[in-house]
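Since the structure comes first, as structure tokens, the remarks are kept for the end.
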Amino acid sequence: MHDLAIQNGRLIDPAQNLDAPRDVAFTDGQVVAVTKSNDTTQANEIIDAQDLLVVPGLIDLHVHVFDAVSHYGIPPDPTCLERGVTTAVDAGSAGAAVWPGFDKFIIEASETRLYAMLNISRIGLVTGAELDPPVGELDDLRHLNVSAAVQCIEENRDKILGIKIRLSDNLAAGGDNEMPALLLAREAADATGLPIMIHSPRSTLGLPAILAEMRSGDILTHCFHAHESGILDSNMKVIPEVRAAIERGVHLDVGHGKGSFSYDVARKTMDQEITPDTISTDLHRYNLAGPVFDMATTISKFLHLGMDLNDALSRVTSIPAATIKMKDELGTLKVGATADATILRLCEGKSKLEDTVGKVETIEQWLEPVYVVKGGRVVAQHN
């Protein structure tokens, strides 16, 4: 007798190149069976997923969940887990000085499976340009301590996946501290063998200079922003340095956020056969009520832009799982994997969604979470 079975659904598992009617069974927190639908699977609890999509638990590589400490922070369980994201990576809310609190009161206290990119600034995102007075985490280079970052990572390698740095003029002494900070982040990443995730909107360095410091496995987030240091030149052509970076293994991540996703930039870039490796939300306090809302909404924008459903789902399941080197445990529903699943409804009709530069477009299909399963247990259900 299994703990839980999902029956009659359309299973989409990009890691297995599988899109077919299948039943999935879970026992003791693992996937134990994937069978053709209509099999008489015996389980203590059964979900009927007729007319629904069954996918591996969604993975969001960019959120901010240092609730009650960082001004960006939101509680992870109601905003991530209940909306279909079973695994999330906090992107630099905590630096080495505040890491113990983030670990104890957020990671350990949350049902959402959480990892983190450690901010190269010891204070993380406790301050910010949105506050009064505005103080960026890179305004004072004394907050950047490579030894402290390396020690924190070495003590928490099971939770910290890389280094995060935000390169923007209003966060780094008008831009003066951007390159020194980037070089320190590079040093910490190299010392630990982990990637850097880089935020580049409004950087004074220019994207070519930033990409020159990026290595295989590093992540350029906010790849479709419309600010300075963007992916497109003045003629809306992808700059050659981006293509070169992709060829050497630099990873493009969406990181929608409050100010970092333009329909026009995304469309022009994708028309030139450059697509993001991963779709992430950059979900935080300032965009939770729009324009981001949740992961399902963010995926829906890429369906609207013409991305195939299976391709879009791979960018929130199998690809981010591989990016964080957990492809055998997460982002798949193969037998032996962790028992995380998100059951989605693909809706059709007309709805309006806005990007971060005020452009509203009418979409004709969108995703909504219906059930969320984590560790083989139903943790959320929506009518």
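Examine the stretch 261-268 for a residue that is of a type in the set (S, T, N, Q), crowded, with 22+ Cβ neighbours inside 10 Å and assigned by TED's automatic domain parsing to the domain that holds residue 199, and state whether such a residue exists. Within the stretch 261-268, not a single residue is of a type in the set (S, T, N, Q), crowded, with 22+ Cβ neighbours inside 10 Å and assigned by TED's automatic domain parsing to the domain that holds residue 199. Hey, among the residues in the stretch 61-79 that are in contact with a strand residue (DSSP E or B) (Cβ under 7 Å, 6 or more places away or on another chain) and of a type in the set (Gly, Ala, Ser), which one's surrounded by the fewest Cβ atoms within 10 Å (Cβ to Cβ)? The extreme case among them is 73. Counting residues in the stretch 118-140 that are touching a Pro at 6+ places or on another chain (Cβ under 6 Å) and either surrounded by 24 or more Cβ atoms within 10 Å (Cβ to Cβ) or not in a loop (DSSP other than H, G, I, E, B) (or both) gives zero. Only one of the numbered conditions (1) small (Gly, Ala, Ser); (2) within 27 Å of the chain's Cα centre (by Cα); (3) surrounded by fewer than 18 Cβ atoms within 10 Å (Cβ to Cβ) is violated by residue 9, and that is (3). Take the stretch 80-101 and flag every residue that is surrounded by 24 or more Cβ atoms within 10 Å (Cβ to Cβ), within 18 Å of the chain's Cα centre (by Cα) and part of a helix (DSSP H, G or I). Once the filter is applied, which keeps residues that are surrounded by 24 or more Cβ atoms within 10 Å (Cβ to Cβ), within 18 Å of the chain's Cα centre (by Cα) and part of a helix (DSSP H, G or I), the stretch 80-101 yields only 81.
Check whether at least one residue in the stretch 208-217 is within 16 Å of residue 266 (Cβ to Cβ) and among the aliphatic types (A, V, I, L, M), and report yes or no. The answer is no, given that none of the residues of the stretch 208-217 is within 16 Å of residue 266 (Cβ to Cβ) and among the aliphatic types (A, V, I, L, M).
With respect to the stated conditions, residue 309 fails to be over 24 Å from residue 90 (Cα atoms), outside the structural domain of residue 251 (by TED's automatic domain parsing), at pLDDT 95 or above and not polar (S, T, N, Q). For the stretch 41-60, the criterion of being surrounded by fewer than 17 Cβ atoms within 10 Å (Cβ to Cβ), on the phi < 0 side of the Ramachandran plot, polar (S, T, N, Q) and not in a strand (DSSP E or B) is met by at least one residue. Only residues that are closer than 30 Å to residue 373 by Cα and not aliphatic (A, V, I, L, M) were counted across the stretch 109-168, and they come to 11.
Filtered by the rule that a residue be over 17 Å from residue 378 (Cβ atoms), charged (D, E, K, R) and touching a strand residue (DSSP E or B) at 6+ places or on another chain (Cβ under 6 Å), the stretch 14-52 gives 19, 22, 39.
Scanning the stretch 222-257 for residues that are farther than 24 Å from residue 282 by Cα and polar (S, T, N, Q) yields 234, 235. Kindly establish whether residue 150 is closer than 24 Å to residue 204 by Cβ and out of contact with any strand residue (DSSP E or B) (no Cβ under 7 Å at 6 or more places or on another chain). Criteria not met by residue 150. Restricting 166, 157, 186 to residues that are basic (Lys, Arg), at pLDDT 95 or above, surrounded by fewer than 17 Cβ atoms within 10 Å (Cβ to Cβ) and out of contact with any Phe, Trp or Tyr (no Cβ under 7 Å at 6 or more places or on another chain) narrows the list to 157.
Checking the stated criteria, residue 148 turns out to be among the hydrophobic types (A, V, I, L, M, F, W, C) and outside any loop (DSSP other than H, G, I, E, B). Exactly one residue out of 356, 338 is surrounded by 15 or more Cβ atoms within 10 Å (Cβ to Cβ), modelled with pLDDT of 95 or more and within 17 Å of residue 14 (Cβ to Cβ), and it is 338.
Any residue that is outside the structural domain of residue 345 (by TED's automatic domain parsing) and over 24 Å from residue 72 (Cα atoms) - is there at least one of those in the stretch 276-297? Scanning the stretch 276-297 turns up at least one residue that is outside the structural domain of residue 345 (by TED's automatic domain parsing) and over 24 Å from residue 72 (Cα atoms).
What pairs come up if the first residue lies in the stretch 187-211 and is assigned by TED's automatic domain parsing to the domain that holds residue 149, the second is of a type in the set (S, T, N, Q) and assigned to a strand (DSSP E or B), and their beta carbons are under 8 Å apart, counting only those six or more places apart or on different chains? These pairs meet every condition: 197/221; 198/221; 199/221.
The values are calculated or read from the model by the stated rules, or taken from the named source; none is laboratory data. Note that the structure is predicted; figures quoted are calculated from it, not measured. Ideal geometry is used to build each Cβ from the backbone, glycine not excepted, and the neighbour counts take in all protein chains shown.
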